[in-house]
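J.: Take this structure, written in structure tokens, and hold onto it; I'll ask about it next.
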Amino acid sequence: MANAIEVENLVLRYGKNVALNGISFGVPEGTVLGVLGPNGAGKTTAVRILATLLQATSGRAEVFGLDVAKKANEVRSMIGLTGQFAAVDEYLTGYENLEMVGRLFGLKKAEARRRADELLARFDLEYARDRTAKQYSGGMRRRLDIAASLIGRPRVVFLDEPTTGLDPRSRIGMWEFISDLVKDGTTILLTTQYLEEADRLADSIIVLDKGSIIAEGTADHLKAQVGGERLEFVLIDASDRERAEKILTPIGVDAPAYDAQTRRITVSVGEGADDLTEALVQMKQANIGVVDVGLRRPNLDDVFLSLTGHATEADAAVEEAK
Ligand SMILES: Nc1ncnc2c1ncn2[C@@H]1O[C@H](COP(=O)(O)OP(=O)(O)OP(=O)(O)O)[C@@H](O)[C@H]1O
Ligand SMILES: [Mg+2]
């Protein structure tokens, strides 16, 4: 199948500052590409170029075979863009916002209205239909913004950090909306700072750092690179160490590591929750007391640390994702 999005050697310089340093990727139609990266990686820059809002310094970017720089109008009619910061009109109601966007998109009045109501229902905003966007919460604005980007039934949708700043419940809701879009056959390019989000939604992932792709593949592939999940046990009694190691060695995929100061014993595992259960049962049978038990999944920080040798800027958003 042809790629819905095709990018080759894309470069964007702001003076001496290189925002994109020659990136290439393709997104097959009907799939989701996750673009993962810390602040300043170049995610928004790549999205803006693809959405025809920014001209690349060099390289090629195409949507359904159309060059975004040369065929901007045609490209615009096929895409939906939701920016990192919601672009809704504060003084219009949710319904009016959608109706306006529909009219701007060229829909007849009746059609724009029908579509507005349809999208409000789809994004659980019916109850706030006649409230001005000013009175919407951050999560509601995000939903309204995405709804607006879908007015013209775009075949390709760009979502720039759709869940940054949302509470966990709204985040899960947003994931469901995005999954529904995928079911409809929409091609999606999604940027995020959360590995978990890319994990849930993306068919393939590219990891951007300082304008370059430093890794790509499926979520499993990336996690395997950082060593997968780890089981952690904190022993009550340090003298149980050897027996605990004996139990964990066959369960883990590497040798258990022990930290004497914290009495913490950790091991990488392949089966996550199943391995955790197995280890717990055996520890209990052996009468080994533990203060704390956990299954630690690699997060974006682990991916970055492992891939680049430097951590992401430990900002609040990334901390919160742990
Ligand atoms: N208008 C601009 N002028 C100069 N430099 C810019 C401009 N916009 C972005 N940059 C720089 O380009 C680089 C990439 O920025 P970009 O906004 O694409 O990152 P990002 O991955 O979207 O980050 P974030 O997660 O914070 O949204 C950064 O170094 C940024 O400082
Ligand atoms: Mg950005």
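The values are calculated or read from the model by the stated rules, or taken from the named source; none is laboratory data. All values reported here derive from a predicted model rather than from experimental measurement. Every residue, glycine among them, receives a Cβ derived from its backbone with ideal geometry; neighbour counts consider all protein chains shown. For the accessible areas, the whole protein counts, side chains as well, though only heavy atoms, and no ligand, DNA or RNA atoms are used. Shrake-Rupley method; radii C 1.70, N 1.55, O 1.52, S 1.80 Å.
J.: If you go through the range 234-292 one residue at a time, how many are among the β-branched types (V, I, T) and in contact with a helix residue (DSSP H, G or I) (Cβ under 8 Å, 6 or more places away or on another chain)? Show your work before the answer.
T.: At the first step, the residues of the range 234-292 found to be among the β-branched types (V, I, T) are 234, 236, 247, 249, 251, 253, 262, 265-267, 269, 277, 281, 288, 290-291.
Right, trim to in contact with a helix residue (DSSP H, G or I) (Cβ under 8 Å, 6 or more places away or on another chain) and you get 247, 251, 265, 267, 269, 288, 290.
So the count comes out to 7.
J.: Tell me whether the range 55-76 contains one or more residues that are within 13 Å of ligand 2 (Cβ to nearest atom), within 23 Å of L150 (Cβ to Cβ) and either assigned to a loop (DSSP other than H, G, I, E, B) or open to solvent by 60 Å² or more (accessible area, probe 1.4 Å) (or both). It would help to see each step written out before you state the result.
T.: Filtering the range 55-76 down to residues within 13 Å of ligand 2 (Cβ to nearest atom) leaves none.
Taking every residue of the range 55-76 in turn, none turns out to be within 13 Å of ligand 2 (Cβ to nearest atom), within 23 Å of L150 (Cβ to Cβ) and either assigned to a loop (DSSP other than H, G, I, E, B) or open to solvent by 60 Å² or more (accessible area, probe 1.4 Å) (or both).
J.: Check off (1) away from ligand 1 (no atom under 16 Å from the Cβ); (2) within 20 Å of A198 (Cβ to Cβ) for L150 and give me the number that stays unchecked.
T.: Answer for L150: the failing condition is (2).
J.: Something else now. How do the pairs read when you match residues in the range 262-274 that are within 12 Å of R296 (Cβ to Cβ) with residues anywhere that are open to solvent by less than 10 Å² (accessible area, probe 1.4 Å), using Cβ under 6 Å and keeping only pairs 6 or more apart or on different chains?
T.: That search, which allows pairs on different chains as well, returns V267/L231; V267/L248; V269/L231.
J.: Still on this structure, please answer the following. Take the residues of the range 90-123 that are part of a helix (DSSP H, G or I), open to solvent by 60 Å² or more (accessible area, probe 1.4 Å) and among the basic types (K, R): which is nearest to V27 (Cα to Cα)?
T.: By that ranking, first place goes to R122.
J.: Check whether at least one residue in the range 183-197 is closer than 19 Å to S77 by Cβ, charged (D, E, K, R) and open to solvent by less than 60 Å² (accessible area, probe 1.4 Å), and report yes or no.
T.: Within the range 183-197, the first condition is being closer than 19 Å to S77 by Cβ, and the residues that meet it are 184-189.
Among the residues that remain, those that are also charged (D, E, K, R) are: 184.
The next check asks that each one be open to solvent by less than 60 Å² (accessible area, probe 1.4 Å); those that pass are none.
The answer is no; no qualifying residue exists.
J.: On to the next question. If a residue must be open to solvent by 40 Å² or more (accessible area, probe 1.4 Å), closer than 13 Å to I236 by Cβ and in contact with an Asp or Glu (Cβ under 8 Å, 6 or more places away or on another chain), how many such residues does the range 272-300 contain?
T.: Looking only at that region, the number is 2.
J.: What number of residues within the range 49-91 are under 21 Å from V207 (Cα atoms), modelled with pLDDT under 95 and not hydrophobic (A, V, I, L, M, F, W, C)?
T.: The qualifying residues number 3.
J.: Also, I was wondering about something else. Which of the numbered conditions does M174 fail, given that it passes all the others? Conditions: (1) within 16 Å of ligand 2 (Cβ to nearest atom); (2) among the hydrophobic types (A, V, I, L, M, F, W, C); (3) part of a helix (DSSP H, G or I).
T.: Unmet for M174, out of (1) within 16 Å of ligand 2 (Cβ to nearest atom); (2) among the hydrophobic types (A, V, I, L, M, F, W, C); (3) part of a helix (DSSP H, G or I): (1).
J.: Just to be sure before I move on: is A87 within 30 Å of L36 (Cα to Cα) and open to solvent by 40 Å² or more (accessible area, probe 1.4 Å) in the structure I sent?
T.: Against the criterion (within 30 Å of L36 (Cα to Cα) and open to solvent by 40 Å² or more (accessible area, probe 1.4 Å)), A87 qualifies.
J.: Turning to a different aspect of this structure: Kindly establish whether T45 is in contact with a helix residue (DSSP H, G or I) (Cβ under 9 Å, 6 or more places away or on another chain), within 16 Å of ligand 2 (Cβ to nearest atom) and not charged (D, E, K, R).
T.: Values: in contact with a helix residue (DSSP H, G or I) (Cβ under 9 Å, 6 or more places away or on another chain): no; within 16 Å of ligand 2 (Cβ to nearest atom): yes; not charged (D, E, K, R): yes.
It is false that T45 is in contact with a helix residue (DSSP H, G or I) (Cβ under 9 Å, 6 or more places away or on another chain), within 16 Å of ligand 2 (Cβ to nearest atom) and not charged (D, E, K, R).
J.: Quickly run through the range 150-163 and pick out the residues that are open to solvent by less than 20 Å² (accessible area, probe 1.4 Å) and away from ligand 2 (no atom under 16 Å from the Cβ).
T.: L150, I151, P154, V156, V157
J.: Which residues, taken from the range 16-45, are among the small types (G, A, S) and within 7 Å of ligand 1 (Cβ to nearest atom)?
T.: Listed by number, the residues that qualify are A19, G37, G40, A41, G42.
J.: Still on this structure, I have one more. Could you grab the pairs with beta carbons closer than 6 Å, sequence gap of 6+ or different chains, first residue in the range 106-124 and assigned by TED's automatic domain parsing to the domain that holds S170 and closer than 18 Å to M78 by Cα, second one assigned to a helix (DSSP H, G or I) and of a type in the set (D, E, K, R)?
T.: A112/E99; A112/R103
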